Amino acid sequence: MVLHTVPPSPVLAAALLPLLALVPAVACMVDISRHPDTRCYPARTWMVICLVGNLFGVAAYLSYGRSLRR
């Protein structure tokens with residue numbers, strides 16, 4: 001018996017790629033809403049940076065924006 005595998009669809013990959021970028025941004029925005037005491041910028045500014053900046057915004061928030069007093 002020979003099993004034939006179906007190659008992954010490029011449409012599926014194109015649909016999942018934006019979701020992989022949004023999940024960390026949403027996680028950071030939830031963190032900001034739970035702990036609004038942030039460094040460098042106000043919490044709303046960090047929300048916009050995480051939303052617009054995608055992975056760079058998330059990395060910036062985790063490196064420079066997240067409060068050390070938790």
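Mind checking the angle between helix 10-34 and the chain's longest principal axis? C-alpha axes, 0 to 90 degrees, to the nearest 10. The two axes meet at around 20 degrees. For the chain, the longest principal axis of the C-alpha atoms and the axis of helix 43-52 are separated by about 20°.
Dipole of the chain, Cα-centred, from +1 at each Lys and Arg C-beta and -1 at each Asp and Glu C-beta, to the nearest 20 debye? Mind dumping the intermediate values first?
Working: 6 positive and 2 negative charges, 66 e Å.
Approximately 320 debye in magnitude.
How many Å² of accessible area per residue for the range 1-69, probe 1.4 Å?
Details: 5460 Å² over 69 residues.
Each residue of the range 1-69 exposes 79 Å² on average to a 1.4 Å probe.
Taking Cβ atoms as reference points and 15 Å as the exclusive limit, the residues near Pro24 contribute a net charge of 0, counting Lys and Arg as +1 and Asp and Glu as -1. The computed Rg/Rh (Cα atoms, Kirkwood Rh) for the structure shown corresponds, within [x] 1.28; [y] 0.95; [z] 1.01, to [x].
The values are calculated or read from the model by the stated rules, or taken from the named source; none is laboratory data. These figures come from a predicted structure and were not determined experimentally. Please note: Cβ atoms are built from the backbone with ideal geometry, for glycine as well, and neighbour counts cover all protein chains shown. Ligands, DNA and RNA are stripped out before the accessible areas are found, and what is left, the full protein with its side chains, is counted by its heavy atoms. Shrake-Rupley method; radii C 1.70, N 1.55, O 1.52, S 1.80 Å.
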